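Report on the following structure.
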Amino acid sequence: MIGTYFSLMADIVLRHIRSWGLRPWVFFIIVGPAFVVFSALLFDRTDYAPSLYAGLALYVVFHLNGASRLVFLRNHFGLQKSRIVRLIENALCVLPFLVFLLYMRDYYIAAGLMTLICALVFFPSQRIIPWVVPTPFGRRPYEFLTGFRKTFPLLLLLAVLMYQAVAAGNFNFAAGITGFVFLIMISYYSEVEEAYFVWIHAYTPGRFLQYKIKYALLHGVILASPFVLTCLLIDPGQWYVIALVVIYGLVYLVAVVLARYAAFPHQIDLIQGILLGIAFVLPPVLLYVIFLFYRRSIRSLNQILL
């Protein structure tokens with residue numbers, strides 16, 4: 001039964017990859033080297049890379065072990081077998097991270113990470129954080145409210161790393177953490193809501209996009225503020241650096257919001273993903289991408305809001 005389950009999960013993953021317009025072998029050829037390059041750059045740029053790397057791996061595991069999913073596994077497999085399934089899934093998720101940690105000879109971090117993912121098998125996700133995390137965000141729009149709660153463990157880890165940056169007086173590391181916070185915000189817009197939850201708004205397409213962008217920027221500033229102020233506390237003389245990080249992060253967040261609705265009600269497609277990737281590497285392209293996605297978003301939303 002467990003083998004059949006993992007075979008089905010593999011089929012679902014491959015189906016998702018094909019829905020993006022990619023052949024699975026092309027996807028893995030792209031993602032594999034990209035992961036290695038990202039990992040190498042992270043370890044090259046900061047001394048705190050092992051801790052940050054382990055935190056990323058744990059975030060992936062936390063994201064996989066949602067409460068509703070764990071209930072499904074227990075109901076389907078029973079308690080003991082569901083723990084085996086979770087252990088295998090957790091190990092597969094962190095395997096690339098473990099391999100790179102071992103390659104970098106961070107044996108203690110790798111051992112600690114493996115111990116944690118094994119221990120998590122015996123704790124339901126709702127016991128990891130046994131309360132509803134309060135947020136400064138309203139219920140509408142919902143993206144930051146739900147996203148903040150889902151990524152709370154990762155944000156907590158970043159706060160700990162920010163404390164280490166303050167203790168070491170390392171402004172560059174603190175600025176990098178702030179930039180990573182904006183990447184987390186971007187992930188809040190990775191899922192597309194059902195068309196009904198767009199249709200219920202009595203807005204024109206342009207007004208709807210303004211509404212979404214306004215709250216994305218407002219909530220983005222609220223979430224980033226503690227990290228930005230900490231950077232200024234470390235080195236006020238480099239205020240212009242953190243200002244550039246914030247401005248670029250917010251503008252890129254706008255681009256992602258527009259990309260989400262440019263393909264609505266479908267997920268962001270391969271071409272849009274490539275454009276976002278190019279804009280991330282080449283900031284001058286970002287304004288053109290925003291203009292392009294805005295026009296496509298208006299066209300897509302016209303079918304629902306008018």
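The values are calculated or read from the model by the stated rules, or taken from the named source; none is laboratory data. Here the structure is a predicted model, which means the values were calculated and not measured. Here Cβ is always computed from backbone atoms with ideal geometry, including for glycine, and neighbour counts include all displayed protein chains.
Quick notes on this one:
- Hey, Ile274 modelled with pLDDT under 85, hydrophobic (A, V, I, L, M, F, W, C), crowded, with 20+ Cβ neighbours inside 10 Å and in the same structural domain as Phe144 (by TED's automatic domain parsing) or not: no
- Count of residues meeting criterion [surrounded by 15 or more Cβ atoms within 10 Å (Cβ to Cβ) and part of a helix (DSSP H, G or I)] in segment 92-111: 9
- Verdict on Val281 being over 20 Å from Ala216 (Cβ atoms) and of a type in the set (A, V, I, L, M): yes
- Residue match in segment 295-304 (condition: modelled with pLDDT under 85 and over 24 Å from the mean Cα position of the chain (by Cα)): yes
- Index of the failed condition, Ser51 passing every other in (1) at pLDDT 80 or above; (2) in contact with a Leu (Cβ under 7 Å, 6 or more places away or on another chain); (3) not aliphatic (A, V, I, L, M): (1)
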